[in-house]
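Worksheet: the structure to be examined is printed underneath.
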Amino acid sequence: MFLKEVINGYNIEEIVGSSDVEINDLCQDHREAREGSMFFCINGQNSNGETFVKLARNYGAVCVVCERKLELDLIQVVVKDVREAMSAFACNFYGNPSEKLKLIGVTGTNGKTTTCHLISSIIKNSGRKIGVIGTLGIFYEGKYIPPKLTTPDPIFLNRVLKDMADNGVEYVAMEASAHAISLRKLFGLRFCAKVFTNFTPDHLDFFKTMDEYFKAKISFFDDVKYCFAVYNSDDDRVRNSFIKSGKMSFSFGIKNPSDVFAVNIKETLDGTFFTMNVYDEIVEIFCKLNGLFNVCNCLAASAVCYKLGFDADSIKRGLNAVNAVSGRAERVKNEKNKCVFIDYAHTPDGLKQILSSLRKTTKKRLVCLFGCGGNRDKTKRAVMGEIAGEYADFTVLTSDNPRFEDPDAIINDVEKGLKKKTDNYITCEDRRKAIAYALSYIQDGDVLLIAGKGAEDYQEIMGTKLPFNDKKYVLELLRSEDKN
C-alpha cells in the first residue's frame, strides 16, 4: 500500500518527502521495523520516541510519523497527535476492518469482561459468529490469543479485526479501557453499539481525578454517528450524562426505571434467578453467575443484543448457557466441596459488590483473601481494607502484583483501613502460603473469596512475571491433600 493511501482522509500537518513510497508494515517499536515500515514516534512515560527513529531506519523503516519535523533523511508525516494518527493509519492499512464487522464496545470501571462474554454467548447460541477482545484475551473461530492489554494497541487490533472479518466473524464484543480511550487507540473504528457498565473509583494513578477519569470514559460516546448507546441507569453520574446528551441511548438497571430491568431477584451460591423485562418482553432467567452486579451485566448484554435484532428467547438461551467467566466470580469446582470463589475484584466497588453478594448466601463464615497492586493508585488500599473488614468474618491480607513496591508496605497501607473495622485478620506476604492457610482455615458452610487477580497467570514482582494462577494453585493444593 502506498503512503498516500495509508494517510488518506486524515488531517496531515506536513509531509516531508514523497507520498508515493510503498508501506509494507506499521510499527511503534523500532525493533519490529522491517523493510518498508512506517514507524510511529510515540512518546511514553519513560521514553522519547524520537530516540529510536534512526534505529528504526536501520531496520528498514522508510517513513516516520512524528509531531515535529526532524533532522534526518527519512520521509516524515508530521501530525498533531501521533497516537491518534497511528489509529487512523492502522484502520486504513488493514482495509478498515471494523466497517465489515458489527463492533460492540464495552466500557466502565467494572463488568466489561463479563458483559462481553455474555454478549458473545447470546450471539453464538443464536448461530452467529462472534469474536471477543478483552482482559482474558482474544477469542474467535477456534483461535485464542493470550492477553497483553485489555484493549490492544491499534496496529495489532486492526490486524486482528481484519483476520476476524476474513474468517467470517460477523460480530465483535470488545472491552474499551479508559486508558485506550484516552490514548486514542480506538480512533477511526466504527462501532454499531457502545455500552457504559458503571463508574467507580479506579486508575487515579493515571487520571489523577475522578473528573478526568470520567471525562475519558464518557468521551467514548462522543461519536455515535453509526451506533446506539446502552447505559446503567442505576449509576447517577452515567445516567445524568446520557440524559443531558440527548444521544440515541437505551438504559438498563435494577433500582431505577429502565428499558431493560430485573425484578424478583433470588441469589444463591449456585447462581441467580430473576425476571427480566427486556423492552416490555418478560423472560425468566437463571444465570449461573453470582451477584447483583452480574444481573446488571446480564441486563447490559440483553439490552444491546435485543437492539441488534436478537429476540427474547435467544437472549434467554444465551444467558442460561454461561457456566462461568474465568476469574470473574468463578466458583472453583472441587471434590473436597470447599466453597471457593476466584474474582478479579481489584477496586473498592468491585470488592464490595462480590463480598456483599457472598455475604447474603454464606451459611457460616465468609473469608476474604486479597491484596493490592503495587505502583498503582494508593488511595484505594485502606478503603478496600475497610470493605473487607465490614463484610468478611475473617481476612487474609497478602500480596497481589507488588511490581516494584515493597509488598509489606502495600499490606501495611491496606491494614490501616482493615483495622478500623476488625481485628479478625492475619497478614501473609507470600500469596501461596496465604492461600494454603485460607484453604485449611475454612470448614463446611464457609465461603472463601480469593480476590484481586482473577484469571491472571502470573504474579509480577520487581519487573518479572512469575507463573502463578489462583485457581490452578487452589486445585493443586486440594489434590495434594488427597495424596497425604
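The values are calculated or read from the model by the stated rules, or taken from the named source; none is laboratory data. Source: prediction; values computed, not measured. A quick note on method: Cβ atoms are made from the backbone with ideal geometry, for glycine too, and the neighbour counts reach across all protein chains shown. Areas reflect the complete protein model, heavy atoms only, side chains present, ligands, DNA and RNA absent. Shrake-Rupley method; radii C 1.70, N 1.55, O 1.52, S 1.80 Å.
Taking the criterion of being assigned to a loop (DSSP other than H, G, I, E, B) and of a type in the set (A, V, I, L, M, F, W, C), the only residue of the stretch 207-220 that qualifies is PHE220.
Would you tally the residues in the stretch 64-101 being in contact with a helix residue (DSSP H, G or I) (Cβ under 9 Å, 6 or more places away or on another chain) and of a type in the set (Lys, Arg)? Number of matching residues: 3.
For the stretch 198-241, how many residues are touching a Ser or Thr at 6+ places or on another chain (Cβ under 8 Å) and of a type in the set (Lys, Arg)? So the answer is 2.
Of all residues in the stretch 219-241, those satisfying the criterion of being more than 22 Å from VAL383 (Cα to Cα) and either among the hydroxyl-bearing types (Ser, Thr, Tyr) or open to solvent by 60 Å² or more (accessible area, probe 1.4 Å) (or both) are SER219, ASP222, ASP223, LYS225, TYR226, TYR231, SER233, ASN240, SER241.
Here THR422 meets the list (1) farther than 20 Å from CYS339 by Cβ; (2) in contact (Cβ under 8 Å) with a residue 60 or more places away in the chain; (3) in contact with a helix residue (DSSP H, G or I) (Cβ under 9 Å, 6 or more places away or on another chain) almost entirely, failing just condition (2). Annotation: of all residues in the stretch 416-438 being in a helix (DSSP H, G or I) and either within 22 Å of MET462 (Cα to Cα) or modelled with pLDDT under 95 (or both), the one that is farthest from the chain's Cα centre (by Cα) is LYS433. Within the stretch 318-359, the residues that satisfy the criterion of being more than 27 Å from VAL304 (Cβ to Cβ) and in a loop (DSSP other than H, G, I, E, B) are VAL332, LYS333, ASN334, GLU335, LYS336, ASN337, LYS338, CYS339. Residues that are touching a Gly at 6+ places or on another chain (Cβ under 8 Å) and surrounded by fewer than 20 Cβ atoms within 10 Å (Cβ to Cβ) were ranked within the stretch 22-42; the one that is nearest to LYS4 (Cα to Cα) is GLU22.
For (1) in a helix (DSSP H, G or I); (2) in contact (Cβ under 8 Å) with a residue 24 or more places away in the chain; (3) under 21 Å from the mean Cα position of the chain (by Cα), each residue gets a yes or a no:
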residue	(1), (2), (3)
ASP222	no, no, yes
TYR226	no, yes, no
ALA229	no, yes, yes
VAL238	yes, yes, yes
LYS247	no, yes, no
PHE252	no, yes, yes
ASN256	no, no, no
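Close contacts from the stretch 444-456, counting a first residue that is over 17 Å from PHE394 (Cα atoms) and without any contact (Cβ under 8 Å) to a residue 12 or more places away in the chain and a second that is open to solvent by 10 Å² or more (accessible area, probe 1.4 Å) and in a loop (DSSP other than H, G, I, E, B), with Cβ to Cβ under 6 Å and a gap of 6+ residues or different chains, come to none at all.
Condition check ((1) open to solvent by 70 Å² or more (accessible area, probe 1.4 Å); (2) polar (S, T, N, Q); (3) in contact with a strand residue (DSSP E or B) (Cβ under 6 Å, 6 or more places away or on another chain)) across all residues:
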| position | (1), (2), (3) |
| --- | --- |
| ASN424 | no, yes, yes |
| ASP430 | no, no, no |
| ILE442 | no, no, yes |
| ALA451 | no, no, yes |
| MET462 | yes, no, no |
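Would you please name the residue that is surrounded by the fewest Cβ atoms within 10 Å (Cβ to Cβ), looking only at residues in the stretch 363-418 that are among the acidic types (Asp, Glu) and closer than 22 Å to SER440 by Cα? That would be ASP393. Residues in the stretch 1-49 that are of a type in the set (Asp, Glu) and not in a loop (DSSP other than H, G, I, E, B): GLU5, GLU14, GLU22, ASP25, GLU32.
When restricted to residues that are under 18 Å from the mean Cα position of the chain (by Cα) and of a type in the set (Val, Ile, Thr), the stretch 200-220 contains 2.
Only residues that are under 19 Å from PHE191 (Cβ atoms) and surrounded by fewer than 24 Cβ atoms within 10 Å (Cβ to Cβ) were counted across the stretch 121-131, and they come to 2.
Looking only at the stretch 176-218, residues that are surrounded by fewer than 15 Cβ atoms within 10 Å (Cβ to Cβ) and closer than 24 Å to PHE40 by Cα come to 0 in all.
There is at least one residue in the stretch 76-89 that is open to solvent by 40 Å² or more (accessible area, probe 1.4 Å), over 14 Å from LEU26 (Cβ atoms) and assigned to a loop (DSSP other than H, G, I, E, B). In a residue-by-residue description of the stretch 280-300, the property of being aromatic (Phe, Trp, Tyr), exposed (fewer than 15 other Cβ atoms within 10 Å of the Cβ), modelled with pLDDT of 95 or more and within 25 Å of VAL325 (Cβ to Cβ) applies to at least one position. Reported count of residues in the stretch 90-112, each being over 23 Å from LYS217 (Cβ atoms), open to solvent by 10 Å² or more (accessible area, probe 1.4 Å) and in a helix (DSSP H, G or I), is 4.
The residue of the stretch 258-275 that is most open to solvent (accessible area, probe 1.4 Å), among those that are among the polar types (S, T, N, Q) and without any contact (Cβ under 8 Å) to a residue 24 or more places away in the chain, is ASN264. In the stretch 327-346 there is no residue that is open to solvent by 50 Å² or more (accessible area, probe 1.4 Å), more than 28 Å from CYS368 (Cα to Cα) and of a type outside the set (Ser, Thr, Tyr).
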